[in-house]
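This report refers to the structure that appears directly beneath it.
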Amino acid sequence: MKQIAIVSGKGGTGKTSVSSAFASLSTNKIIVDCDVDAADLFLTMQPTVLETFEYEGGKKALINPEICTNCGICEDLCRFDAIHLVDGQTTVSEFSCDGCRLCVIACPVQAIQMLENLDSRWYISETRFGPMVHAKLGIGEDNSGKLVTQIRDRARKMAKEKDLDLVLIDGPPGIGCPVISTLTGIDIALMVTEPTLSGLHDLNRLIKLAKGFKLKSFVLINKFDLNIAMSSQIEAHCESENIEVLAKIPFNRDFVDAMVNQQTVLEYSPNSELSNQFREIWKRIALEFK
Ligand code: SF4
Ligand code: SF4
């Protein structure tokens, strides 16, 4: 069983469209959406949920107004600026609270307790391309890395049980905890970037992270023709890092139109240049699995 993750140094590069195209092209696989903070692979996969699971996204502080004396100690101590006096009562913002428990320890009258946050869910689903494991992190919830690990573990287990050849992962953007959880133990990282200065900067950070994992990595430059000079700069940088640029894809409205129609590019425009290009890219990647 092989595992490939499609990742990007920043959001908005077209990573999910690329993942969707690969879902069309690959066989005997399980799909995993590890972009749990902004899951959108479901738009093209249209999964039918078979099982739903609760996920404990971390604990948040809650102040009991009956006990609190509004002394202000917790407000002064909270490094996340999560505690404020609101309408005469010291209150915790659940979106800002990091769950560190410092306020609980510091409160002289034990007015604060930690409550479990159970707004997050993860799912086992079926799609027209095979089984899919995905998740939805509640607003302001933490521990997305732990959630990614959890859904990846389940996907690997299902792949073994069903004798599947591939785990196809739509990864999160950036280089934070969920990305680290996504890259751990995979075989190939395909980094999708775009020809902008920030695209190059964020790609470089991702390359450095992937090197730490000693991963086989490739780069795909999306919308390369919007800035040919910057695309050349990205290519030169990849060469200096000994990373193959697998493909350069021109700007194409089919990406957006396919998404709007809840289809992959291969379904939306099967005979287009773009679809043919994806077929060639997938053939090249499949060679790495042999
Ligand atoms: S648990 Fe930590 S982050 Fe949350 S309110 Fe208390 S001190 Fe602030
Ligand atoms: S430290 Fe305790 S008593 Fe003081 S404001 Fe915070 S919750 Fe209220």
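Where a number appears in this text, it was derived from the coordinates with a stated rule and is not lab data. All of these numbers come straight from a predicted model, not from anything done at the bench. Counting neighbours? That spans all protein chains shown, and the Cβs are built from the backbone with ideal geometry, glycine included.
A compact table of results
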| item | result |
| --- | --- |
| Global geometry of segment 144-290, whether rounded, prolate or oblate, following the gyration tensor of its Cα atoms and the 1.5 cut on a/c | oblate |
| Coil-residue chymotrypsin sites (Phe, Trp or Tyr not before Pro) of segment 214-290, DSSP, other Cβ within 10 Å capped at 16 | F251, F289 |
| Prolate/oblate/rounded label for segment 59-116 (Cα gyration tensor, a/c 1.5) | rounded |
| Normalised contact order of segment 59-116, rounded percent, pairs of Cα under 8 Å and 6 or more residues apart | 49 percent |
| Degrees, to the nearest 10: 228-240 long Cα axis against longest axis of the chain | 90 degrees |
| Net +/- balance of residues flanking M1 in space, Cβ distance below 15 Å, scoring K and R +1, D and E -1 | +3 |
| Between 0 and 90°, nearest 10: helix 197-212 axis offset from the chain longest Cα axis | 90 degrees |
| Chain lengthening between D40 and Q262 when straightened (0.36 nm per residue, less Cα-Cα) | 78.8 nm |
| Whole-Hz couplings from phi, Karplus 6.51/-1.76/1.60, listed for segment 86-93; x for Gly and Pro | 10, 6, x, 10, 5, 9, 9, 7 |
| Within the chain: Cβ-based charge dipole about Cα centre, in debye rounded to nearest 20 (Lys, Arg +1; Asp, Glu -1) | 1060 debye |
| DSSP beta bridges in the chain [antiparallel fraction, %, rounded to 5] | 45 percent |
| Lys/Arg +1, Asp/Glu -1 at C-beta; the chain dipole; positive extreme among L220, C68, V104 | L220 |
| Relative contact order of segment 82-188, defined on C-alpha pairs under 8 angstrom at six or more residues apart (%) | 16 percent |
| Cysteines without a disulfide-compatible partner [the chain; Cβ-Cβ under 4.7 Å] | C34, C68, C71, C78, C97, C100, C107, C177, C238 |
| Cα gyration tensor, the chain - rounded (a/c under 1.5), prolate or oblate | prolate |
| Loop trypsin sites (Lys or Arg not before Pro), segment 136-241 (other Cβ atoms within 10 Å of the site Cβ: 14 or fewer; DSSP) | K162, K214 |
| Hits among aspartates and glutamates - C-alpha to C-alpha of K290 under 20 Å, sequence gap 8 or more where chains match | D163, D165, D187, E244, E280 |
| Angle between the chain longest axis and helix 15-25 axis [Cα atoms, degrees, rounded to 10] | 50 degrees |
| Charge dipole (the chain, unit charges on Cβ, about Cα centre) - positive-most of H134, S198, L287 | L287 |
| Mean Cα-pair separation over length for the chain, i.e. relative contact order, pairs under 8 Å, 6 or more apart, % | 27 percent |
